[in-house]
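Data block below; observations after.
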């Protein structure tokens, strides 16, 4: 690759739109109650930067070939209970800017120097008259995910000709690509649209296409979606539904949905958990990684082949060689039916091993997980003087199960204000140890995995994780939380007061569809709100 050193930075070629939006609430309860379902209301639409994953996916799809070596971007910040695409957490640091520049320069070099990439993305020869404008319009349309304006085409073409005169044709290609890939129009999902009624802005077809593609694929639109946008077809919700169903059938959707479940259900927490080797000699980083993958595969399977109920009741599993000893079954990475005690995602090692300590399971961790991630409810903080370390089970206390030790620790009235409910869920998983291995006894005593589920809409006593998850499968609170969680992911922010009617309608439709998860996605993108954003007053 030639060594041409760019002198421009992120805003070198300008930004025609203003980056800014109302700040939305981060309180999930802020959505409130729908007062008038007949009035179209919208929550805020903050500008969203591409996440690290979206950025890399977009570059790969833009090139249509493997990427050259580029620097890794810093991890995207995630606030509690949110996702990596949370708009207000996606600030651009100096490190981002520097690595975007390095990446853009490397990708530009590949477009200029690699014959196959150049043939695909440069539609003209350097001897062709008007090649600058033709290349700028062609590449820019895909990079910026919309047709360039006349002013943008003129500006980029002039830049191209300046570099060709100063260097050569290939250098002009490289630096023009580098400039486009550092522009806000590439790095952010800017939604300019057009005024509709003073309160609402109608998104352009290409902006709707980007909303769809980044929601379903975590990447830029493909040629078919671009064509639909070019033809003006995406102002029609029927066409949006058809494109959505097509895109959900593509393998890209499975990867994106797996990412969604990884974040919602905190499936990679297990990767940071240590287990005492004298207690769990099988445990290793490879086991933890395999556990995350297995739960992602299970969730993907449920999303596309089943419904929300199956997420808590299905025994289908994808058991790798690393996980087989912990599950006590033969490896079956292509899929198998697990033993009866392994029904549902909360009987899998990613959850059980992730929400545990190094020497035993943790009913409080597991119970808090249920309340926050499956019920979309907050839990209070423990008192300042609370001992949050694993309870001691020393010999002078006599034989005790893990449950008995936690019950002794949290026996005070002050602790029970929260732990009655938290441990009412957490004790249901006591038949699984710190690594997620099934057990019927603990410290020589029978395991007690009974409890009472409070605040799920169908509150009831249960015996064991299978009965507890069966309650979750029928819980209206869990169903509503599943919709609220995906809505949060789709919007890139927490629900707000302006979302209340839309969210209630989606939750009602989800229940009517018997918890069909891919239908939930179709319902969301075929509401009129998906084609709009609120008007923002210029300061």
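The values are calculated or read from the model by the stated rules, or taken from the named source; none is laboratory data. Quick caveat, the model's predicted, so the values are computed rather than measured. Using ideal geometry, Cβ is built from the backbone for each residue, glycine included, and neighbour counts are taken over all protein chains shown.
Can you find a residue in segment 295-314 that is farther than 23 Å from residue 474 by Cα and either at pLDDT 95 or above or in a loop (DSSP other than H, G, I, E, B) (or both)?
no
Looking at segment 259-269, can you tell me whether even one residue there is crowded, with 16+ Cβ neighbours inside 10 Å and closer than 30 Å to residue 141 by Cα?
At the first step, the residues of segment 259-269 found to be crowded, with 16+ Cβ neighbours inside 10 Å are 259-269.
Applying the additional criterion that residues be closer than 30 Å to residue 141 by Cα yields 259-260.
Yes, the conditions are met somewhere in segment 259-269.
Quick check: is even one residue across segment 402-418 surrounded by 15 or more Cβ atoms within 10 Å (Cβ to Cβ), under 30 Å from the mean Cα position of the chain (by Cα) and in contact (Cβ under 8 Å) with a residue 60 or more places away in the chain?
No, the conditions are met nowhere in segment 402-418.
Tell me the residue from 480, 514, 499 that is over 21 Å from residue 237 (Cα atoms) and either out of contact with any helix residue (DSSP H, G or I) (no Cβ under 7 Å at 6 or more places or on another chain) or crowded, with 22+ Cβ neighbours inside 10 Å (or both), please. Let's see the steps before the verdict.
Numbers: 480 fails: either out of contact with any helix residue (DSSP H, G or I) (no Cβ under 7 Å at 6 or more places or on another chain) or crowded, with 22+ Cβ neighbours inside 10 Å (or both); 499 fails: over 21 Å from residue 237 (Cα atoms).
Unique residue meeting the criteria: 514.
Scan segment 368-398 for residues that are buried (at least 24 other Cβ atoms within 10 Å of the Cβ) and over 16 Å from residue 80 (Cα atoms) and jot them down.
Selection gives nothing.
Step by step: first the residues of segment 232-252, then only those that are free of Cβ contacts under 8 Å to residues at least 24 places away in the same chain and assigned to a loop (DSSP other than H, G, I, E, B), then the one that is farthest from residue 524 (Cα to Cα). Which residue is that?
The extreme case among them is 249.
Just to be sure I understand, how many residues within segment 218-243 are closer than 17 Å to residue 63 by Cα and over 26 Å from the mean Cα position of the chain (by Cα)?
0
Given 255, 291, which one is assigned to a helix (DSSP H, G or I) and either farther than 23 Å from residue 517 by Cβ or modelled with pLDDT of 95 or more (or both)? So that I can check it myself, show each step before the final result.
Values: 255 fails: either farther than 23 Å from residue 517 by Cβ or modelled with pLDDT of 95 or more (or both).
Selected residue: 291, the only one of 255, 291 that is assigned to a helix (DSSP H, G or I) and either farther than 23 Å from residue 517 by Cβ or modelled with pLDDT of 95 or more (or both).
So which pairs qualify, if the first residue must be in segment 108-126 and surrounded by fewer than 14 Cβ atoms within 10 Å (Cβ to Cβ), the second must be assigned to a helix (DSSP H, G or I), the Cβ gap must be under 6 Å, and the two must be at least 6 apart or on different chains?
The qualifying pairs are 123/134; 123/138.
Which number in (1) in contact with a strand residue (DSSP E or B) (Cβ under 9 Å, 6 or more places away or on another chain); (2) under 29 Å from residue 302 (Cα atoms) marks the one condition that residue 375 misses?
For residue 375, the failing item is (1).
Is it the case that some residue within segment 268-287 is in a loop (DSSP other than H, G, I, E, B) and under 18 Å from the mean Cα position of the chain (by Cα)?
Taking every residue of segment 268-287 in turn, at least one turns out to be in a loop (DSSP other than H, G, I, E, B) and under 18 Å from the mean Cα position of the chain (by Cα).
Is one or more of the residues making up segment 339-362 crowded, with 17+ Cβ neighbours inside 10 Å, out of contact with any helix residue (DSSP H, G or I) (no Cβ under 8 Å at 6 or more places or on another chain) and in a helix (DSSP H, G or I)?
no
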